[in-house]
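One structure coming up, written as structure tokens, with questions to follow.
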Amino acid sequence: MQKWTMADIKAANKAAGKFFFERDTMRFFKSRACRAVYQGPGGVFFVTSEQGPTADDKRRYTVRQFNPDTGEVDTAGEFQAFAAEHAARAEARRLANPAAFIPDTEPDGDEPLETAEEASISAMSAEGMAPTYSRIILGAAAAYQRMAEVECGRDLTDDERMAERRAENTIRRVIKEMQLGVDPGFGVVFCGDPRGACVKIKVPSGRTDDWGQTGICVPTR
């Protein structure tokens, strides 16, 4: 059985002539696809998040089902059914393999057991990057992403453009220090499309988790 990744799903959807991941479609719903894919006897599932048009206009989460035979993506359950990402991921796991599902034992609340930032620090540590460097990159990437989101709606002011450049320069400085002091295999790729990760880190192992297979996405939420 093929082990589906998010990159595989996006490629299969596009090859089948579908438009679920098209830029205009994702932008209209302010949609983001979470990277984790859950599959088992029940099928292949993943989670997206969308902002609006709920009354509070907060980002909410939707479980999606991918059909490997047709390349189609359907909504599993209700659109924007979950206020917390960890709850949506738990439902995706349950649907993929109901017999093996064990409910989370964490306390009630909106925080996942491991945040995206913590997972990123762990992944970078496995590549040899010190947590201090990872935290600096996380903060700068969040600032860079905010400016990219603003720029989608209007031109940046001079101050905003300067903030964007400061964030970019900070990340480049950290990577340069990594190149000199730790491992020459690190690099950085910047992307202006805020629907995905605007900052991706190239790592010594060559591992990637983005659609274009250019690097490891730096989370900003």
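Considering only segment 185-198, I want to know if a residue exists there that is surrounded by 19 or more Cβ atoms within 10 Å (Cβ to Cβ) and among the acidic types (D, E).
The answer is no, given that none of the residues of segment 185-198 is surrounded by 19 or more Cβ atoms within 10 Å (Cβ to Cβ) and among the acidic types (D, E).
Of the residues V73, V47, which is under 15 Å from the mean Cα position of the chain (by Cα) and assigned by TED's automatic domain parsing to the domain that holds G17? Steps first, please.
Details: V73 fails: under 15 Å from the mean Cα position of the chain (by Cα).
Of V73, V47, the one residue that is under 15 Å from the mean Cα position of the chain (by Cα) and assigned by TED's automatic domain parsing to the domain that holds G17 is V47.
Across segment 43-58, what is the number of residues that are crowded, with 17+ Cβ neighbours inside 10 Å and within 19 Å of H86 (Cβ to Cβ)?
Qualifying residue count, segment 43-58: 6.
Is it the case that A83 is of a type in the set (A, V, I, L, M) and out of contact with any helix residue (DSSP H, G or I) (no Cβ under 9 Å at 6 or more places or on another chain)? Walk me through how you get there before you give the answer.
Working: of a type in the set (A, V, I, L, M): yes; out of contact with any helix residue (DSSP H, G or I) (no Cβ under 9 Å at 6 or more places or on another chain): yes.
For A83, the condition - of a type in the set (A, V, I, L, M) and out of contact with any helix residue (DSSP H, G or I) (no Cβ under 9 Å at 6 or more places or on another chain) - is met.
What about E151, is it out of contact with any Pro (no Cβ under 7 Å at 6 or more places or on another chain), assigned to a helix (DSSP H, G or I) and touching a residue at least 24 places away in the same chain (Cβ under 8 Å)? Show your work before the answer.
Working: out of contact with any Pro (no Cβ under 7 Å at 6 or more places or on another chain): yes; assigned to a helix (DSSP H, G or I): yes; touching a residue at least 24 places away in the same chain (Cβ under 8 Å): yes.
Yes; evaluated as a whole, the condition is true for this residue.
Collect the residues in segment 107-122 that are in a helix (DSSP H, G or I) and either surrounded by fewer than 16 Cβ atoms within 10 Å (Cβ to Cβ) or modelled with pLDDT of 80 or more (or both), keeping them in residue-number order.
Here is the first cut: in segment 107-122, the ones in a helix (DSSP H, G or I) are 116-122.
Passing the criteria: E118, A119, S120, I121, S122.
State whether the residues of segment 2-14 include one that is assigned to a loop (DSSP other than H, G, I, E, B), within 25 Å of E149 (Cα to Cα) and in contact with a Lys or Arg (Cβ under 9 Å, 6 or more places away or on another chain).
Scanning segment 2-14 turns up no residue that is assigned to a loop (DSSP other than H, G, I, E, B), within 25 Å of E149 (Cα to Cα) and in contact with a Lys or Arg (Cβ under 9 Å, 6 or more places away or on another chain).
Here's another thing I want to ask about it. Can you tell me which residue in segment 158-173 is surrounded by the fewest Cβ atoms within 10 Å (Cβ to Cβ), limited to those that are out of contact with any strand residue (DSSP E or B) (no Cβ under 8 Å at 6 or more places or on another chain) and closer than 12 Å to Q145 by Cβ?
Our first condition is that a residue be out of contact with any strand residue (DSSP E or B) (no Cβ under 8 Å at 6 or more places or on another chain); within segment 158-173, this holds for 158-167, 169-170, 173.
Adding the requirement that they be closer than 12 Å to Q145 by Cβ leaves 163-164, 167.
Numbers: A163: 17, E164: 22, A167: 24.
By that ranking, first place goes to A163.
Moving to a separate point now. Look at A140 and say whether it is in a helix (DSSP H, G or I) and either in contact with a Leu (Cβ under 7 Å, 6 or more places away or on another chain) or at pLDDT below 85 (or both).
Working: in a helix (DSSP H, G or I): yes; either in contact with a Leu (Cβ under 7 Å, 6 or more places away or on another chain) or at pLDDT below 85 (or both): no.
Criteria not met by A140.
Is there a residue being modelled with pLDDT under 95, touching a Ser or Thr at 6+ places or on another chain (Cβ under 9 Å) and over 23 Å from T5 (Cβ atoms) anywhere in segment 33-46?
no
The values are calculated or read from the model by the stated rules, or taken from the named source; none is laboratory data. All of these numbers come straight from a predicted model, not from anything done at the bench. Because the Cβ atoms are built from the backbone with ideal geometry, glycine has one as well, and the counts that use them run over all protein chains shown.
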